[in-house]
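**Student:** Just dropping this structure here.
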Amino acid sequence: MQFTDFWCFRLNAISRKVSRLWTARCSEYGITAPQSFVILDVNNYEGSSVKDIAARIELDSSALTGLIDRLEKENLVQRKDDPDDRRGTKIYLTEKGRDLAINQLVPEAESFNQFIRGMIAPEIAGILQHSMDLFDKEINKAVSS
């Protein structure tokens, strides 16, 4: 069997290609793909902790902290002290960040999602979604054990 037939190789190769396409779209807005995921997440879950954002976008907290630092320098997000935890901070979009999220990133992400979904025959899209969900669940079990 050729190594290029191994699923681990194929999934990684496909993921990199999709990532390159999304990165190119994000660069039009002056951000990276990982930064876009932070902005989109905070847009959906305003006032989240770094830990919660990291869990949802599947990054470790230290990597996320660097992303947030850069987004803060670009005036796209801001940190605020957590009133319930004096050691904690919550992440919020700035006006500039909210404008970017709502008027550019959300429509761009929806368009990109339609582009990707358009590559799959509608009659198997649900099967693929279900398969990805199951695969993700099983991979999470393997990673945590």
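Every number here is computed from the coordinates shown, using simple stated rules; none is lab data. What you see is a predicted model, and the numbers here were worked out from it, not measured in a lab. As a convention, Cβ positions derive from the backbone with ideal geometry for all residues, glycine included, and neighbour counts pool all protein chains shown.
**Student:** Fewest to most neighbouring Cβ within 10 Å: what's the order for Leu93, Leu11?
**Tutor:** Leu11, Leu93
**Student:** Here are some values of Rg/Rh (Cα atoms, Kirkwood Rh): (1) 0.95; (2) 1.02; (3) 1.12. Which one was computed from this structure?
**Tutor:** Only one listed value fits the structure, namely (2).
**Student:** Okay, next question. Mean-square fluctuation check for the chain, GNM, Cα pairs under 10 Å: which of Val38, Val18, Val106 is largest?
**Tutor:** Looking only at Val38, Val18, Val106, the biggest GNM fluctuation is shown by Val18.
**Student:** Also: Output the relative contact order of the chain, whole-number percent, from Cα pairs under 8 angstrom with separation of 6+ residues.
**Tutor:** 18
**Student:** Taking GluC sites (Glu not before Pro) as candidate sites, keep only those in a DSSP loop with at most 16 other Cβ atoms within 10 Å, then name the longest stretch of the chain containing none of them.
**Tutor:** With GluC sites (Glu not before Pro) excluded where exposed in loops, the chain gives 75-145 as its longest stretch.
**Student:** Sort out for me the Cα centre separation of region 102-145 from region 30-95, rounded to whole Å.
**Tutor:** 23
**Student:** When the helices in the chain are scored as -39500 (n - 2.57) per DSSP H run of 4 or longer and the sum is shared across all residues, what 222 nm value do you end up with, to the nearest 500 deg cm²/dmol?
**Tutor:** -21000 deg cm²/dmol
**Student:** Let me ask you something else. Would you look at the GNM of the chain, springs on alpha carbons closer than 10 Å, and say which of Leu59, Leu128, Leu76 moves the most?
**Tutor:** Highest fluctuation among the options: Leu128.
**Student:** For Gln104, what is the net charge nearby, where nearby means another residue's Cβ is under 15 Å from its Cβ and Lys, Arg count +1, Asp, Glu -1?
**Tutor:** Taking every other residue near Gln104 into account, the sum is -3.
**Student:** Full extension from Lys17 to Glu138: what is 0.36 nm times the residue separation minus their Cα-Cα distance, to one decimal in nm?
**Tutor:** 41.2 nm
**Student:** Here's something else I'd like to know. Convert each backbone phi in region 140-145 into a coupling constant with the Karplus relation 6.51 cos²θ - 1.76 cosθ + 1.60 (shift: θ = phi - 60°), then list the ³J(HN,Hα) values in order as whole Hz, x for Gly and Pro.
**Tutor:** 4, 4, 5, 5, 7, 9
**Student:** Report the residues of region 27-43 in range of a label on Asp99: point 7 Å along Cα→C-beta, backbone N strictly under 16 Å from it.
**Tutor:** 29-31
**Student:** Hey, what do the phi angles of region 43-58 turn into as Karplus ³J(HN,Hα) couplings, whole Hz, using 6.51/-1.76/1.60 and θ = phi - 60°, x for Gly and Pro?
**Tutor:** Calculated HN-Hα couplings, in order: 4, 7, 10, 4, x, 7, 7, 4, 4, 5, 4, 4, 5, 6, 9, 6 Hz.
**Student:** Take Cys26, Cys8 and order them by how many other Cβ atoms sit within 10 Å, fewest up front.
**Tutor:** Listed from fewest to most nearby Cβ atoms, that is Cys8, Cys26.
**Student:** Take the chain, connect every pair of alpha-carbon atoms lying under 10 Å apart with a spring to form a Gaussian network, then pick out the residue of Ala13, Ala33, Ala101 with the largest mean-square fluctuation.
**Tutor:** Highest fluctuation of the listed residues: Ala13.
**Student:** Once both axes come from the Cα atoms, what is the angle between helix 61-73 and the longest principal axis of the chain, in degrees from 0 to 90, rounded to 10?
**Tutor:** Around 60 degrees separate the two axes.
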